[in-house]
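Student: Quick one: the structure is below, questions incoming.
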Amino acid sequence: GENVEQHPSTLSVQEGDSAVIKCTYSDSASNYFPWYKQELGKGPQLIIDIRSNVGEKKDQRIAVTLNKTAKHFSLHITETQPEDSAVYFCAASILYDMRFGAGTRLTVKP
Amino acid sequence: DVKVTQSSRYLVKRTGEKVFLECVQDMDHENMFWYRQDPGLGLRLIYFSYDVKMKEKGDIPEGYSVSREKKERFSLILESASTNQTSMYLCASSKTGGYTFGSGTRLTVV
C-alpha cells in the first residue's frame, strides 16, 4: 500500500520568513495530494491540494509543487505569520485510499 | 458552512465498557472515515464507508466496529474499551477529493 513520509517533524521560522515542508510517496498510482492544517483543539482543515496532472498550484501565500517522477511534493508558505503556527499534514490518495504523513509542527516566532 | 459534527469533544470511559462515537455530516457525502491520531504516528485509518450499510476495514480495525445505517451518520464502536485505545478520534467525510474533518473526540480509557 501507499506510504507517505513527511519532513521535517518540527520547523521553527521567524515571522516573515518562508517555510517548506516536504513529502514523498511510494505508490505511483496516487493522483491526489492534499495538505491539511491542524490548529490546537481542532480537526485538520484542507488548505490546498494538487492533482497529478498539475505540477504547481498557488493560493496567496501558500503553494504546492509536485514532482511525479521523483514521487515527492512540497508545501511552501511565504511571508509566514504567527497564525500559521500549527501542525501540517500531507497526504497522497488513490480513490478512497488516502494516506497521511506523520505531520510537521510549524512554529512562527514573532 | 458545511460541517462534520462529532458528538463529544472529551470522553472518559472505563476498561471493558462498550463505547459509541457518533459522527454526522450535512454535506450529502457518500464517503465517511474514522481515524485515530496519536503523537508521532499521524492519522491512522480505522474504518471507512463509501455507502449506506457498506463498510471497509482500514489499517487498524482490531477492537473496533462501525455502523452506517443512514448516509449522514457514521458510528464507531469500541466493543470492549482498553487503555491502548486512549486517543484522539477523528471523523471525516468526502465526495471526491479532499476530506472535511470533524473537531475530534479525545477518548480516555481508565
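Student: Compute the distance from the alpha-carbon center of region B:80-110 to that of region A:79-110, in whole Å.
Tutor: For region B:80-110 versus region A:79-110, the Cα centre distance is 18 Å.
Student: Per residue of A:99-108, how many C-beta atoms from partner chains lie within 10 Å of its own C-beta, taken as a mean?
Tutor: Mean inter-chain Cβ contacts per residue within 10 Å come to 3.
Student: Roughly speaking, to the nearest percent, how much of the protein assembly as shown's 1.4 Å accessible area is carbon and sulfur?
Tutor: Carbon and sulfur together cover 48 percent of it.
Student: Still on this structure: Filter A:LYS37/B:LYS13; A:LYS37/A:LYS57; A:LYS37/B:LYS71; A:LYS22/B:LYS3 down to the pairs with a C-alpha to C-alpha distance above 20 Å, please.
Tutor: Values: A:LYS37/B:LYS13 29 Å; A:LYS37/A:LYS57 17 Å; A:LYS37/B:LYS71 27 Å; A:LYS22/B:LYS3 29 Å.
With Cα atoms farther than 20 Å apart: A:LYS37/B:LYS13; A:LYS37/B:LYS71; A:LYS22/B:LYS3.
Student: Still on this model: Please name the residues of region A:41-84 whose accessible area, counted over protein heavy atoms with a 1.4 angstrom probe, falls by no less than 30 Å² between the chain alone and the full protein assembly.
Tutor: Going by heavy-atom accessible area, the residues of region A:41-84 that drop by at least 30 Å² are A:GLY41, A:GLY43, A:PRO44.
Student: Now a separate question. Got a sec? Charge dipole of the protein assembly as shown, +1 on Cβ for Lys and Arg, -1 for Asp and Glu; which of A:SER26, B:SER93, B:SER8 is way out at the positive end?
Tutor: B:SER8
Student: Over chain B, average the accessible area per residue using a 1.4 Å probe and give it in Å², no decimals. Mind dumping the intermediate values first?
Tutor: Values: 5390 Å² over 110 residues.
Accessible area per residue: 49 Å².
Student: Here's a follow-up. Could you tell me the total accessible area buried at the B-A interface, probe 1.4 Å, in square angstrom to the nearest hundred?
Tutor: Values: alone 6070 and 6310 Å², together 11000 Å².
Heavy-atom accessible area buried at this interface is about 1400 Å².
Student: Going through region B:2-53, which chymotrypsin sites (Phe, Trp or Tyr not before Pro) have at most 16 other Cβ atoms within 10 Å and a DSSP loop state?
Tutor: Within region B:2-53, the qualifying chymotrypsin sites (Phe, Trp or Tyr not before Pro) (loop, at most 16 other Cβ atoms within 10 Å) are B:TYR50.
Student: Mind checking the dipole of the protein assembly as shown: about its Cα centre, +1 per Lys or Arg Cβ, -1 per Asp or Glu Cβ, Debye to the nearest 20? Could the numbers behind the result be given before it?
Tutor: On the way: 28 positive and 27 negative charges, 64 e Å.
The dipole magnitude comes to about 300 debye.
Student: What are the ³J(HN,Hα) values, in whole Hz, obtained from phi via the Karplus relation 6.51 cos²θ - 1.76 cosθ + 1.60 with θ = phi - 60°, for each residue of region A:47-62 in sequence order, with x given for Gly and Pro?
Tutor: 10, 6, 8, 8, 9, 5, 8, 10, x, 7, 9, 10, 9, 6, 8, 10
The values are calculated or read from the model by the stated rules, or taken from the named source; none is laboratory data. The model shown is predicted, which means the values in this text are computed figures rather than measured ones. Heads up, the Cβs are rebuilt from the backbone with ideal geometry, glycines too, and the neighbour counts pull from every protein chain shown. To get the accessible areas, we keep the full protein, side chains included, count just its heavy atoms, and leave off ligands, DNA and RNA. Shrake-Rupley method; radii C 1.70, N 1.55, O 1.52, S 1.80 Å.
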